[in-house]
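Below is one structure, written out as structure tokens, with a few remarks after it.
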Protein chains: 2
Amino acid sequence: MGHERESAHALWVSAHPRSDSLTARLRDIGVARLREDGWGVDVADLYAERFDPVLVDEGGADVRAEQRRLLAADLVVLQFPLWWYGPPAMLKGWIDRVFERGFAYDVPDPATGRNRKYGDGGLVGRRALAVVTAGDRAGSIAPRGISGDVEDLFWPLLHGTFWYTGMEALAPHLITDVHGIDEKEADRLGHVLADRLGAIRTEAPIPYLPMTDEFYDHSIALHPHVTAGLTGGAAHRRPS
Amino acid sequence: MGHERESAHALWVSAHPRSDSLTARLRDIGVARLREDGWGVDVADLYAERFDPVLVDEGGADVRAEQRRLLAADLVVLQFPLWWYGPPAMLKGWIDRVFERGFAYDVPDPATGRNRKYGDGGLVGRRALAVVTAGDRAGSIAPRGISGDVEDLFWPLLHGTFWYTGMEALAPHLITDVHGIDEKEADRLGHVLADRLGAIRTEAPIPYLPMTDEFYDHSIALHPHVTAGLTGGAAHRRPS
């Protein structure tokens, strides 16, 4: 990450309409843990800050402010309840508006003139973690579960957003079966999250392949000999 | 669909900030074709109608109005530019707010008491089509393309939203390489779309499996003998 322990900064973005939500409780526990560990943490509660998620024109003072928050971060956490198997519109719109072309992706490389993306880009040097709460049962978000595999479900965010803009994508922190849980269980879930955050600097990210000629052809599909025979997200990872 | 040709209605929902966009042009061509074929078409231009996509509390007069529009439709078209491999926040929020529990899903079946979803639900009897424009090259949205396979990319919408609420999901109408196209090419793309719409009443939908005990267990994962050995979206289809 190129930073000493003392200088690490995190941006924690959350999107839930209620301040008494499980999302808020887990955020408070997670942010407290990061601060105990020496992180500077900037909390972006998009509902509380009344962020406008509707992209009309590019730019705007609010977009510039969010971009500065991103640039200051070594770790970006996006926390949200799973709505229709994706982020709430509030968070989707934060991405739509803030991750602008020329800022987050298609940043020209002065050496080659090539537009930087997929493993390179405006947000390179950062790692990104999605923290997601879902009402689904654990077994339903699985390779043969009715909701699909967790990394397939989050492919647009993990590969198409985090990795696309140069950030290292960490495996999503998915919490299932959240309907009707009590305070004790919420605290337990918070401690599990806090434990993970305690080791987040050194956790291995998903080993997605960079968009280079070594792996991809001109249509930007994998060369036949790369991860031969695989399709889906697994095809785009370095073989373990 | 249980309707004579004379009585068929479509709801065409589009989400693009510009009225001179390719989205608007394709919508106008598509809507004209449906009307020529005898459909009644309700056009919901979410930006022009200034829909509020931010879910705070459930319900609201605007949500009830959108729900009536859905209930009146035999065919639901959701048209959008692909932003970060998903719908713009404006459209995502229309789904977040309008597809309420008890309206679109988890509608109790009076006979069994079971909550209806995945092949059943509040929107059963309708078919749904996503019409999507993307800057990506065609080869990059493919089983080994860097953006992933089209039906994997749209899994949250096709299976997790359309099918979840009881609608038959049609294969997405994806248009790639849209940056910098001229008027002639836009018209050609419009005609391809219109041709498809001309046969949309009888097009075979994606044959997703219903959420019944025949196919899924109590964790809502597929029984081992169903589509044995498959994972991903293909596992949840009737074998052809």
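Quick check on B:T112: is it polar (S, T, N, Q), in the same structural domain as B:H179 (by the TED database) and crowded, with 21+ Cβ neighbours inside 10 Å? Answer is no for this residue. The set of residues in the range A:215-240 that are in contact with a His (Cβ under 8 Å, 6 or more places away or on another chain) and among the charged types (D, E, K, R) contains only A:D217.
If I ask for residues that are charged (D, E, K, R), away from every other protein chain (no Cβ under 14 Å) and either in a loop (DSSP other than H, G, I, E, B) or within 22 Å of B:R114 (Cα to Cα) (or both), which ones from the range B:183-218 would you list? Within the range B:183-218, B:R201, B:E203 qualify. One residue stands out among those in the range B:49-94 that are basic (K, R) and without any contact (Cβ under 8 Å) to a residue 40 or more places away in the chain: the one that is nearest to the other protein chains (Cβ to nearest Cβ), which is B:K92. Summed over the range A:136-156, the residues that are among the hydrophobic types (A, V, I, L, M, F, W, C) and at the interface with chain B (Cβ under 8 Å from one of its Cβ atoms) give a count of 5.
Is it the case, given these coordinates, that A:A72 is modelled with pLDDT of 95 or more, surrounded by 18 or more Cβ atoms within 10 Å (Cβ to Cβ) and small (G, A, S)?
Judged against the criteria, A:A72 is not a match.
Flag: A:P156 matches the condition of being in a helix (DSSP H, G or I) and touching a Phe, Trp or Tyr at 6+ places or on another chain (Cβ under 7 Å). Among the candidates B:A104, B:A73, the residue that is within 26 Å of A:V54 (Cα to Cα), small (G, A, S) and assigned by the TED database to the domain that holds B:I175 is uniquely B:A104. Assess whether A:H173 counts as being surrounded by fewer than 22 Cβ atoms within 10 Å (Cβ to Cβ), farther than 25 Å from A:F103 by Cβ, outside the structural domain of A:D20 (by the TED database) and not β-branched (V, I, T). The answer is no for A:H173.
Pairing each residue of the range B:219-240 that is more than 8 Å from every other protein chain (Cβ to nearest Cβ) with any residue that is exposed (fewer than 13 other Cβ atoms within 10 Å of the Cβ), provided the two are 6+ apart or on different chains, yields C-beta distances under 7 Å for B:T227/B:P239; B:R237/B:P207; B:R238/B:P207. If only residues of the range B:22-48 that are in contact with a helix residue (DSSP H, G or I) (Cβ under 9 Å, 6 or more places away or on another chain) and within 14 Å of another protein chain (Cβ to nearest Cβ) are counted, the one that is surrounded by the fewest Cβ atoms within 10 Å (Cβ to Cβ) is B:D45. For the range A:170-182, the tally of residues that are under 13 Å from A:S140 (Cβ atoms) and assigned to a strand (DSSP E or B) stands at 1. Can you tell me which condition A:E168 does not meet? The list is (1) surrounded by 21 or more Cβ atoms within 10 Å (Cβ to Cβ); (2) out of contact with any Phe, Trp or Tyr (no Cβ under 8 Å at 6 or more places or on another chain); (3) more than 10 Å from every other protein chain (Cβ to nearest Cβ); (4) of a type in the set (D, E, K, R), and all the others hold. It is condition (2) that A:E168 fails. Checked against the criteria, A:A204 does not count as hydrophobic (A, V, I, L, M, F, W, C), outside the structural domain of A:L22 (by the TED database) and modelled with pLDDT of 95 or more. Counting only helices (runs of 4 or more DSSP H) that fall entirely inside the range B:1-107 and contain at least 2 residues that are under 21 Å from B:K117 (Cβ atoms), the qualifying elements are B:61-71, B:89-98.
The values are calculated or read from the model by the stated rules, or taken from the named source; none is laboratory data. Everything numeric here is computed off the predicted structure, so don't read it as measured data. Glycine gets a Cβ as well: all are built from the backbone with ideal geometry, and neighbour counts include every protein chain shown.
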